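Below is one structure; the comments refer to it alone.
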Amino acid sequence: MAEFLATGGTIVAIATAIVPQQGSVGIVRMSGTDSQSIAKQLFYSPGRQIWESHRILYGYIRHPKTLKIIDEVLLLLMLSPRSYTREDVVEFHCHGGIIAVQQVLQLCIELGARLAQPGEFTLRAFLNGRLDLTQAESVAELVGSQSIAAAQMALAGLQGKLANPIRELRGTCLDILAEIEARVDFEEDLPPLNESEIIAQIHHVLEELSQFLATADTGELLRTGLKVAIVGRPNVGKSSLLNAWSRSDRAIVTDLPGTTRDVVESQLVVGGIPIQVLDTAGIRHSEDQVEKIGIERSRQTAQSADLVLLTLDAAIGLTEADLDIYQQVKKAGLIVIFNKIDQVNPQELEELKAKAIQYFNLENREIVPMSAALNQGIPELETAILNLVQGGNIHAANLEFAINQRQATALTRAKVCLEQVETTIKQQLPFDFWTIDLRGAIHALGEVTGEEVTESVLDRIFSRFCIGK
């Protein structure tokens with residue numbers, strides 16, 4: 001991407017997902033100084049054309065040499081600086097599918113535009129001051145959101161609700177640095193430095209940074225979600241659980257043990273958290289070669305999952321096979337499910353729960369009685385998952401925004417630097433020592449919003465974007 005920062009030029013890309021026979025509209029987007037001239041060579045309208053910014057024109061794309069009609073389109077013109085990139089931007093709203101948009105894209109390239117790199121439209125928006133770095137990252141997060149909560153969090157970042165307070169904290173640090181550097185150069189001409197006030201300001205910034213950093217884990221959870229594996233012996237109701245939970249017939253359910261031979265997946269959202277649920281093959285000794293492969297995949301899936309739902313048959317009770325499976329898949333994130341509770345009485349169920357607490361070293365809230373066949377116990381399962389993941393505070397947290405991993409790394413560095421400034425002040429070291437770590441904190445805070453950023457960081461951020469964004 002670095003070479004394109006230098007060369008600039010007019011870029012073009014397909015800005016919408018293109019799937020055969022799906023989607024009524026496909027958009028080709030151009031940005032750069034030649035956008036309007038290229039568009040005028042391709043676009044033809046039988047009526048009067050008024051090329052004004054933010055006006056929609058109706059017409060056709062035709063080949064500039066053969067004049068063959070390629071597609072019937074709407075053209076949207078957004079002139080600099082009132083555009084996403086703050087450059088001249090043209091969008092061709094074509095018919096959906098593959099053929100039309102690919103032909104329009106190719107004609108734009110033949111007339112001098114070049115294919116955009118991943119995230120290059122948003123990169124130009126950042127470089128031209130349209131967005132700061134937190135807003136640019138929020139664009140990618142909004143596009144990739146897997147839940148309403150994640151989308152709202154990304155939208156808050158796009159509105160500057162993360163960047164603005166970070167800038168204020170950086171401004172406070174800059175003011176402190178100016179006060180200290182003034183004492184370094186003109187100490188004899190200025191009143192003594194109020195150290196207690198400086199310490200109070202630094203303490204305030206540190207408190208704010210701690211609050212930002214406290215959002216990182218929840219933010220990561222809402223963005224990436226959980227991988228949950230349903231494991232257990234054959235015929236304990238794992239597939240029935242998946243079907244009941246996802247309200248679909250994702251998995252085949254029969255009375256025959258060993259029906260599931262491979263991992264079956266379903267996507268859910270629980271408490272705002274995207275969850276990838278994986279129904280695995282029943283774990284048992286088998287001579288069937290295909291089933292043995294499925295069982296091994298089950299073990300691997302359980303080991304890589306964030307959370308394991310160990311499913312037991314309440315009608316049969318705890319068995320040696322259940323304990324053996326537990327030893328193979330046990331991990332910090334574990335919930336035991338007693339399925340088929342409609343086949344036992346309440347006293348038998350309580351005895352089973354007591355045994356599970358003892359054998360698996362669990363708390364009562366990590367055991368969920370269910371009857372997947374009767375759709376009983378799903379709300380209780382979801383509550384148990386939220387309690388295990390974050391103490392049940394997903395809804396209570398009500399995050400307006402949350403920092404991502406890159407931002408957390410930079411804010412942690414800023415926090416460490418400011419803590420070192422506090423230590424320096426307490427040790428009564430010269431002012432020069434104060435300024436070293438203050439500059440480090442200012443630089444780290446600037447990395448979050450983009451005032452201080454390297455080309456390699458930009459490469460890492462924008463290379464994750466899709467081509468047309």
Within the range 427-441, restricting to residues that are outside any loop (DSSP other than H, G, I, E, B) and open to solvent by 60 Å² or more (accessible area, probe 1.4 Å), the one that is farthest from VAL416 (Cα to Cα) is ASP432
Checked pairs for the range 103-118, first under 21 Å from ALA17 (Cβ atoms), second open to solvent by 50 Å² or more (accessible area, probe 1.4 Å) and at pLDDT 95 or above, C-beta under 6 Å and 6 or more apart or across chains, list as none
Over the range 292-325, the set of residues open to solvent by 10 Å² or more (accessible area, probe 1.4 Å), over 30 Å from the mean Cα position of the chain (by Cα) and at pLDDT below 80 is LYS292, ILE293, GLU296
Here, helices (runs of 4 or more DSSP H) confined to the range 22-135 with at least 2 residues that are at pLDDT below 95, closer than 30 Å to GLY450 by Cα and open to solvent by less than 50 Å² (accessible area, probe 1.4 Å) are 120-127
Expected output for the range 442-467 (first residue outside any helix (DSSP H, G or I), partner open to solvent by 50 Å² or more (accessible area, probe 1.4 Å), Cβ below 6 Å, 6+ apart or cross-chain) is GLU452/HIS443
Counting only residues in the range 409-467 that are of a type in the set (S, T, N, Q) and within 28 Å of the chain's Cα centre (by Cα), the one nearest to ALA17 (Cα to Cα) is identified as SER463
- Is it true that some residue in the range 437-448 is in contact with a Cys (Cβ under 7 Å, 6 or more places away or on another chain) and of a type in the set (Val, Ile, Thr)? yes
_On the basis of being of a type in the set (Asp, Glu) and under 28 Å from the mean Cα position of the chain (by Cα), does GLU52 make the cut?_
no
Restricting the range 155-172 to residues that are open to solvent by 40 Å² or more (accessible area, probe 1.4 Å) and among the basic types (Lys, Arg), the one farthest from HIS203 (Cα to Cα) turns out to be LYS161
The correct count of residues that are under 24 Å from VAL368 (Cα atoms), touching an Asp or Glu at 6+ places or on another chain (Cβ under 7 Å) and open to solvent by 10 Å² or more (accessible area, probe 1.4 Å) in the range 191-234 is 3
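The values are calculated or read from the model by the stated rules, or taken from the named source; none is laboratory data. Values in this document were obtained by computation on a predicted structure and should not be read as measured data. Here Cβ is always computed from backbone atoms with ideal geometry, including for glycine, and neighbour counts include all displayed protein chains. To get the accessible areas, we keep the full protein, side chains included, count just its heavy atoms, and leave off ligands, DNA and RNA. Shrake-Rupley method; radii C 1.70, N 1.55, O 1.52, S 1.80 Å.
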